[in-house]
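Scroll down for the structure; my scribbles are underneath it.
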Amino acid sequence: MATLSRVLSIQSHVVRGYVGNRSAVFPLQLLDFEVDFINSVQFSNHTGYPHWGGQVLGCNDIEELFRTLKKNNVIHYDYVLTGYCRDKLMLEKMVEFIKELKEVNPNLIYVCDPVMGDTWDGKGSMYVPEELLPVYRDQVIPVADILTPNQFEAELLTEMKIETEEDALQCISILHSRGPKTVVISSSELGRPNESLVSYGSKNTGGLGKIPVIRLEMPLIGKSFVGTGDLFAALLLAWTHRHPEDLKLSLEKVISTMQSILKRTQAAAEAQVGEGARPTFNELELRLVQSKRDIENPQLCVEATTI
C-alpha cells in the first residue's frame, strides 16, 4: 500500500463551525492525506458571531509541541499549511519551524495562506494586528512555495492597489520575485459587479520568458461565508499535489468544489430561515460533511483561461 503524503496544518480551531483547521483537515483527509494539526487558537466559534471566547496558543506552547514531536523523530512532512495567526512572535517561530522542517525534507512544500484581512462591502480591513504584515512580507513569503492571498492581502503584501487585470498580473510578478513558485490570488473583485469574482494563478517553473497566468471567473454566491479561504488553500494543496504540472486543472477542481459547497450551504441556510429572511453566520456555516462526494470527485462547472 502506498504511503500517504503527510501535512502539518497550523491554523485556528473552533468548537462550532468551519474555519481554519475545521475547514482544512476534513477535505485533506478525504483526498488521501495524513494530517497532523496544531490549533493556533481554540474559540467557541468564529469571531463574526455576536459572542465568542476561547484560548490562544502561546509561543512557548507551540514550541513545546514541535520540540516534543522532534524528540520522537516524527517531523518528516511533505507539506506544511498555515493560516490564521494573530501573534507576531508565534508567526516568527513558525518560520523557524518551517525552515527546520525543510532541512529534514528538502522536498517539503509550504503552502501559506497569509490570513490578514478581507474586503467587505468594498472596504478592506485587517483582522490581525498590523505588526504581522512585515513578518509575512519579509520572513514568511521568502520560505513559502505556494502563496494564496485574497485581493486585499495581495495588496497589503505588495503595497499596490489592484484595480485592473494588469495590476493583478504585476502583483503576482512581485510576489513571485520574493520567493513563492506558485502564487494564487484566491479571489478578486475584477469580475462583473455583484455577479462574479476572479481568481488568478501562476506557477514559475524557472524557464525563460513570460510566466503564464491562469484566469478563472466564478459566479458570486452570497456574501457572508467564513472559512472559504482556509478551504481554498487546503483544496489547492491537494489538487496541485495530484496535478503538479497542471495549475489550470487544479484551479478548476478547487473552484468547482467550492462552488458546489457554497451553493449547498446557501440553499440549506435559506431553507432553514424561511422565505424572505436573511441567514446569519450560524445558518451559513459551510456544509462540508454534506459535500463529501463533491470534495472527493468534483464535477467541473468552471473553466479557466490562460493569459
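The values are calculated or read from the model by the stated rules, or taken from the named source; none is laboratory data. In this text the structure is predicted, and so the values were computed from the model without any measurement. Glycine gets a Cβ as well: all are built from the backbone with ideal geometry, and neighbour counts include every protein chain shown. Protein only, heavy atoms only, side chains kept; ligands, DNA and RNA dropped before computing areas. Shrake-Rupley method; radii C 1.70, N 1.55, O 1.52, S 1.80 Å.
Some points to look at:
- Top-ranked residue of segment 113-128 - restricted to ones that are open to solvent by 40 Å² or more (accessible area, probe 1.4 Å) and small (Gly, Ala, Ser), ranked as farthest from the chain's Cα centre (by Cα): 122
- Some residue of segment 260-276 being open to solvent by 10 Å² or more (accessible area, probe 1.4 Å), within 26 Å of residue 77 (Cα to Cα) and not in a loop (DSSP other than H, G, I, E, B): no
For every residue, the table says whether it meets (1) open to solvent by 50 Å² or more (accessible area, probe 1.4 Å); (2) within 17 Å of residue 94 (Cβ to Cβ); (3) at pLDDT 95 or above; (4) assigned to a loop (DSSP other than H, G, I, E, B).
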{"site": "2", "(1), (2), (3), (4)": "yes, no, no, yes"}
{"site": "8", "(1), (2), (3), (4)": "no, yes, yes, no"}
{"site": "13", "(1), (2), (3), (4)": "no, yes, yes, no"}
{"site": "22", "(1), (2), (3), (4)": "yes, no, yes, no"}
{"site": "40", "(1), (2), (3), (4)": "no, yes, no, no"}
{"site": "48", "(1), (2), (3), (4)": "no, no, no, yes"}
{"site": "65", "(1), (2), (3), (4)": "yes, yes, yes, no"}
{"site": "70", "(1), (2), (3), (4)": "yes, yes, yes, no"}
{"site": "73", "(1), (2), (3), (4)": "yes, no, yes, yes"}
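- Residues in segment 76-112 that are open to solvent by less than 10 Å² (accessible area, probe 1.4 Å) and outside any helix (DSSP H, G or I): 10 in all.
- Look at segment 186-209: where a residue is farther than 15 Å from residue 255 by Cα and a partner is at pLDDT below 90 and surrounded by 10 or more Cβ atoms within 10 Å (Cβ to Cβ), sitting 6+ places away or on another chain with Cβ atoms under 7 Å, you get 189/119; 202/211; 204/211.
- Single match in 284, 237 (criterion: buried (at least 22 other Cβ atoms within 10 Å of the Cβ), in a loop (DSSP other than H, G, I, E, B) and either at pLDDT below 95 or not acidic (Asp, Glu) (or both)): 284
- Checked against the criterion of being within 29 Å of residue 181 (Cα to Cα), in contact with a Lys or Arg (Cβ under 7 Å, 6 or more places away or on another chain) and modelled with pLDDT of 95 or more, the candidates 81, 101, 108, 133 yield just one match: 108.
- Filtered residue count, segment 166-185, keeping only those that are touching a residue at least 40 places away in the same chain (Cβ under 8 Å), out of contact with any Leu (no Cβ under 8 Å at 6 or more places or on another chain) and open to solvent by less than 10 Å² (accessible area, probe 1.4 Å): 1
- Matching residues in segment 240-252 - criterion: being buried (at least 18 other Cβ atoms within 10 Å of the Cβ) and closer than 24 Å to residue 37 by Cα: 240, 241, 250
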